[in-house]
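Each reported figure results from applying straightforward, stated rules to the coordinates on display, with no laboratory input. Every value quoted in this text rests on a predicted model; they were computed, and no experiment measured them. Heads up, the Cβs are rebuilt from the backbone with ideal geometry, glycines too, and the neighbour counts pull from every protein chain shown.
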Amino acid sequence: MKWILYISDFMIPLIVSGVIIYGLLKGINIFDVFIEGAKESVKVILTIMPTLIGLMMAVGIIRASGSLNMFELLLKPISNLITFPVELIPLIVLRTISSSASLGLVLDLFKQYGPDSFIGRLVSVMMGCTETIFYTMSVYFMSVGIKKTRYTLAGALIANLAGIIASFYITLFIFGK
Amino acid sequence: MLNYIWAFMILLGIIVAAFTGKMGEVTNTAIASSAEGVEVCFRLLGVLAFWMGIMKIAEKSGLINLLTLKIRPILRFLFPDIPDGHDAQKYIATNIIANVLGLGWGATPPGLLAMKALQELNLKKDEASNTMCMFLIVNISSVQLISVNIIAYRAQYGSRNPSEVIGPSILATTISTIVAIIFGKLMERRNKA
């Protein structure tokens, strides 16, 4: 399974060099274009920042109050049965509704357990394969006035669950507990 | 929705703190977390600028267009009801490529255009077509090569190797997408019969 970690190391350098070589071959001013794209990131950050601050504050409050720990204690017996860390359950639920709110929880978990802990790694892997199901569905279907969504929700939930289970075992096998 | 989640977190936190005697901590954390939000954004800004710059080169050099053409055969398999060369195909391709490259914010506009184009092909206007269901299920399961944001956050919180999760993420997201496609295909067949 170690070859997967090689993918981790090579992916970004490969994409970056591929894009730069392609840009050179096409004869565009790659550095100017890079700057143009980099500039746009400032706009993206400015829209994210107030949201992120608001949510990190809210997650900070709920963490400091001890509510999350109480919730985790409550769920501990269940998680011992299925060996899945309960700390991630609020995140999994919130993830289907709002990506910014779930991001607040992710950062909180990184802070509590560290990004290189089992939980930290599992969260990192999981975030890549789960999506804001309810949010995405409502935005996409509402934009064209569709009311009956048929099997979309079932499919999305099944894919999400498969992603969570896969993340759990992959993290376990590659990095260990 | 976010209104309620946000209010719920803050109010629950404050009420519980009243009973656990952690009101002082709540106050301090609220202030410290707000400041931390700014720090996280600065770290993210660096990574995002780097990635969006590179992706701009991919866009301007025509590489992204090339990729959207290259995935046509996959689209024909996933969405057999879309006539070849229809606008919907182009928008879906752009949406999928944006997701794969971790350009989440760039995926929604072509995604909505794809829905509009699919609605033109749709016979029952208030009901999702098979193609729409498949598109959304695949979109939500989101195959992603790189999630630059996660790497930036991991770095911010002191990971020794922030990018080590890329490979495992690709594997996990591939599995969830395969499950999504199998489910979509099974439902499509059942609805035809």
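Over segment A:1-62, consider all pairs of different Cα atoms and compute the Kirkwood hydrodynamic radius from their mean reciprocal separation; express it in Å, one decimal. Kindly include the intermediate steps, with their values, before the conclusion.
Numbers: mean 1/r = 0.0662 Å⁻¹.
Kirkwood radius, segment A:1-62: 15.1 Å.
Looking at chain B as a GNM with Cα springs under 10 Å, which of B:PHE77, B:PHE19, B:PHE50 has the largest mean-square fluctuation?
Residue with maximal mean-square fluctuation among B:PHE77, B:PHE19, B:PHE50: B:PHE19.
Please list A:33-45, B:84-96 highest first by mean number of surrounding beta-carbon atoms within 10 Å per residue. Kindly include the intermediate steps, with their values, before the conclusion.
Working: A:33-45: 16.9, B:84-96: 19.7.
Packing order, densest peptide first, comes out as B:84-96, A:33-45.
Relative to the first principal axis of the alpha-carbon coordinates of chain A, what is the inclination of helix A:152-175, with its axis defined by its Cα atoms, in degrees from 0 to 90 and to the nearest 10?
So the helix axis and the longest Cα principal axis differ by about 90 degrees.
For segment B:80-193, build the convex hull from the C-alpha positions and give me its volume per residue in Å³. Write down the numbers at each step before the final one.
On the way: hull volume 11.9 nm³, N = 114.
About 104 Å³ per residue, rounded to a whole number.
How large, in Å, is the protein assembly as shown by the Kirkwood hydrodynamic radius built from its alpha-carbon pairs?
21.6 Å
Once all Cα-Cα distances of chain B are split into 5 Å bins that start at 0, what whole-number percent is in each one?
For chain B, the pair-distance distribution reads 1, 7, 11, 14, 14, 13, 11, 10, 8, 5, 3, 2, 0, 0.
From the Cα gyration tensor of segment A:3-175, with a ≥ b ≥ c the square roots of its eigenvalues, which class applies: rounded if a/c is under 1.5, or else prolate if a/b is larger than b/c, or else oblate?
On the way: a/c = 1.62, a/b = 1.44, b/c = 1.12.
Verdict is prolate for segment A:3-175.
Please give me, ordered by residue number, the trypsin sites (Lys or Arg not before Pro) of segment B:100-193 that lie in loop per DSSP and have at most 14 other Cβ atoms within 10 Å.
Of the trypsin sites (Lys or Arg not before Pro), the ones in loops of segment B:100-193 whose Cβ has at most 14 other Cβ atoms within 10 Å are B:LYS124, B:LYS125, B:ARG160.
Rg(Cα) of segment B:1-47 divided by 2.2 N^0.38 Å? Before the final figure, lay out the partial values.
Working: Rg = 13.7 Å, N = 47, 2.2 N^0.38 = 9.5 Å.
Rounded to two decimals, the normalised Rg is 1.44.
For the cross-link pairs B:LYS60/B:LYS124; A:LYS148/B:LYS192; B:LYS70/B:LYS185; B:LYS56/B:LYS185; A:LYS76/A:LYS177; B:LYS125/B:LYS185, which exceed 28 Å when the distance is taken from alpha carbon to alpha carbon?
B:LYS60/B:LYS124; B:LYS56/B:LYS185
Is any residue of segment A:57-98 close enough, with backbone N under 18 Å, to a label point placed 7 angstrom from the Cα of A:PHE173 along the Cα-Cβ axis, and if so, which?
Correct set: A:84.
Please check: in the Gaussian network model of chain B (C-alpha springs, under 10 Å), which one of B:VAL165, B:VAL148, B:VAL38 has the largest mean-square fluctuation.
B:VAL38
Among B:CYS41, A:VAL123, B:LEU67, whose Cα sits farthest toward the positive end of the charge dipole of the protein assembly as shown (+1 at Cβ of Lys/Arg, -1 at Cβ of Asp/Glu, about the Cα centre)?
Final value for the positive-end residue is B:LEU67.
Give the share of C-alpha pairs in each 5 angstrom bin for segment B:13-100, from 0 to the last occupied bin, in whole percents, shortest bins first.
3, 11, 14, 11, 8, 8, 8, 7, 8, 7, 8, 6, 1, 0
For peptide A:135-142, how many partner chain Cβ atoms fall within 10 Å of a residue's Cβ, on average?
5
Where in segment B:22-108 are there GluC sites (Glu not before Pro) that are in a DSSP coil and have at most 15 other Cβ atoms within 10 angstrom of their Cβ?
When the GluC sites (Glu not before Pro) of segment B:22-108 are filtered for loop state and at most 15 Cβ neighbours within 10 Å, nothing remains.
For B:ILE146, list long-range residues whose amide hydrogen, built 1.01 Å from N in the peptide plane, is under 5 Å from its own amide hydrogen.
Counting only residues 5 or more places away or on other chains, the set is B:GLY102.
If you place +1 on the Cβ of every Lys and Arg and -1 on the Cβ of every Asp and Glu, how big does the dipole about the Cα centre of segment A:54-157 come out, in debye to the nearest 20?
The calculation lands at about 340 debye.
Provide a whole-number value for the mean count of partner chain Cβ atoms within 10 Å of the Cβ atoms in peptide A:15-26. Before the final figure, lay out each step's value.
Working: counts 8, 6, 1, 3, 11, 4, 1, 6, 8, 2, 2, 5.
Going residue by residue through A:15-26 and averaging, the value is 5.
Where the only charges are on Cβ atoms (+1 Lys, Arg; -1 Asp, Glu), what is the dipole of the protein assembly as shown about its Cα centre, to the nearest 20 debye? Mind dumping the intermediate values first?
Numbers: 30 positive and 21 negative charges, 144 e Å.
The calculation lands at about 700 debye.
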